[in-house]
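Take a look at the structure below.
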Amino acid sequence: MSILFDASLVALHSQHSIQSQDLWEICACAHDEGVDDNFSTYSFDDFLGLTVHLFITTQAQQVRQQLALKLHKFGSAIVSPLIKTLHQMQTQEEIQLLVQQSLDRLAPHALIIGLSQLLEHEIDNTFRTTAMQRLMDLIHAGDQTVLLVLPKLVSTKTWRLVKLQQLQEIPYPIFNKGYQNQVFSPQISDPIIQNQQSCSTEKKNDSDNKFNLCRVK
């Protein structure tokens with residue numbers, strides 16, 4: 001993780017808001033869909049998987065819409081399943097719309113954490129474009145409460161991807177001032193360092209150049 005990564009902050013904003021009434025309604029939907037199981041033994045992850053499965057497979061529009069209202073309540077844990085659904089169900093207009101709405105309902109911090117976790121663990125970059133678009137949309141919105149906490153919520157890999165994609169467009173004056181001596185030591189072979197020499201703001205000596213946003217771990 002990055003130097004600024006704050007595990008306690010991530011844990012705080014990863015919390016879900018699912019209530020017992022929500023779970024009861026999910027079980028009712030499952031019963032209507034012919035799923036007969038001992039739901040009393042289900043864990044959080046079990047209910048998450050069940051809800052996503054029913055949301056995708058049901059043929060009843062009303063059931064799908066009802067479940068869609070529950071998805072964002074799973075917090076950051078729902079982000080990865082939603083992004084994968086968005087990518088894999090591109091011909092299903094209703095599902096696409098409901099997934100987009102569910103992502104929009106998520107608190108920004110929870111969305112950032114979920115996107116970072118997806119980017120951190122994916123192997124073949126299948127979902128990178130979709131995930132990065134969502135992340136960059138948050139950045140471009142310019143909410144300072146989001147911009148200032150972003151480096152504390154994402155992994156080093158995600159932070160690197162953000163800077164590689166739109167380095168020059170990210171407004172981080174406060175972040176630069178406060179953390180310019182702590183974030184991501186530059187590497188000679190790094191394309192950011194090679195291509196963004198103009199970002200340098202201070203040179204202590206020939207072997208120790210300091211960059212604002214031109215640092216990658």
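Here, each number is a calculation from the coordinates, and none is a lab measurement. It should be emphasised that the depicted structure is a prediction, and the values quoted were computed from it without experimental measurement. Here the Cβ positions follow ideal geometry from the backbone for every residue, glycine too, while neighbour counts run over all protein chains shown.
When the label point is put 7 Å from the Cα of Lys157 along its Cα-to-beta-carbon vector, which residues of the range 84-109 have a backbone N closer than 11 Å? It comes to no residues whatsoever.
On a per residue basis, the convex hull of the C-alpha atoms belonging to the range 7-171 measures out at 123 Å³. In this structure, Ala28 and Leu164 have a Cβ-Cβ separation that, at R0 = 45 Å, corresponds to a calculated FRET efficiency of about 0.45. Label sites at His121 and Gln90, each approximated as a point 7 angstrom past Cα along Cα to Cβ, lie 2.4 nm apart. Annotation: amide H of Ile18 has no partner in the under-5 Å range at sequence separation 5 or more or interchain, hydrogens built in the peptide plane.
Charge tally around Ile18: other residues with Cβ under 13 Å, Lys/Arg +1 each, Asp/Glu -1 each, net -2.
With neighbours defined as other Cβ atoms within 10 Å of a residue's Cβ, the residues Thr130, Thr51, Thr57, Thr41 order from fewest to most as Thr41, Thr57, Thr130, Thr51. When only the Cβ of Lys, Arg, Asp and Glu is charged (+1, +1, -1, -1), the dipole of the range 7-171 relative to its Cα centre reaches about 700 debye.
Counting other Cβ atoms within 10 Å as a rough exposure proxy, the listed residues Trp24, Trp159 run Trp24, Trp159 from fewest neighbours to most.
With a Förster radius of 25 Å applied to the C-beta separation of Gln133 and Ile56, the computed FRET efficiency comes to 0.70. Placing unit charges on each Cβ (+1 for Lys and Arg, -1 for Asp and Glu) gives the range 7-171 a dipole about its Cα centre, and among Phe127, Leu106, Val162 the Cα reaching farthest toward its positive end belongs to Val162.
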